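Engineer: Got a structure for you, written out below as structure tokens; questions coming shortly.
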Amino acid sequence: MTSDDELRRKAEKIAEEKICVYIHVPIYLFVNILLYVIWLTTGGLGTFPWPIIVTIGWGIGVVAHIFVTFGKGIDNSKMVEKEYQRLKEKE
């Protein structure tokens with residue numbers, strides 16, 4: 001059975017991960033909008049849309065971050081327990 005303290009720590013970790021996504025997405029949007037504004041004001045439509053490279057690359061990371069945080073993601077509780085036991089044995 002899980003103690004209240006363990007549940008509290010787990011809840012804090014989940015909340016922290018969600019807050020990170022809430023910060024990550026607006027920063028991604030702001031920076032990408034800024035890059036497209038720079039592109040449009042420095043040559044723009046007649047040139048290669050170089051911000052698309054950042055949008056796609058960083059976008060993959062953002063989508064993965066959202067999926068792991070809010071989606072089914074990977075249940076790492078077994079891995080955490082295994083690492084905990086390994087570290088405990090080293091001491």
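Engineer: Suppose we filter LEU35, LEU7, LEU29, LEU45 for residues that are open to solvent by 70 Å² or more (accessible area, probe 1.4 Å) and at pLDDT 95 or above; which single one remains?
Structural biologist: None of the other options fit; the residue is LEU29.
Engineer: Which numbered condition trips up VAL54, out of (1) surrounded by 10 or more Cβ atoms within 10 Å (Cβ to Cβ); (2) of a type in the set (Val, Ile, Thr); (3) modelled with pLDDT under 85?
Structural biologist: Just one mismatch for VAL54, condition (3).
Engineer: Considering each residue of segment 57-91, count those that are open to solvent by 100 Å² or more (accessible area, probe 1.4 Å) and assigned to a helix (DSSP H, G or I), and give that number.
Structural biologist: Looking only at that region, the number is 10.
The values are calculated or read from the model by the stated rules, or taken from the named source; none is laboratory data. Here the structure is a predicted model, which means the values were calculated and not measured. As a convention, Cβ positions derive from the backbone with ideal geometry for all residues, glycine included, and neighbour counts pool all protein chains shown. Calculation scope for accessible area: heavy atoms of the full protein, side chains included, ligands and nucleic acids excluded. Shrake-Rupley method; radii C 1.70, N 1.55, O 1.52, S 1.80 Å.
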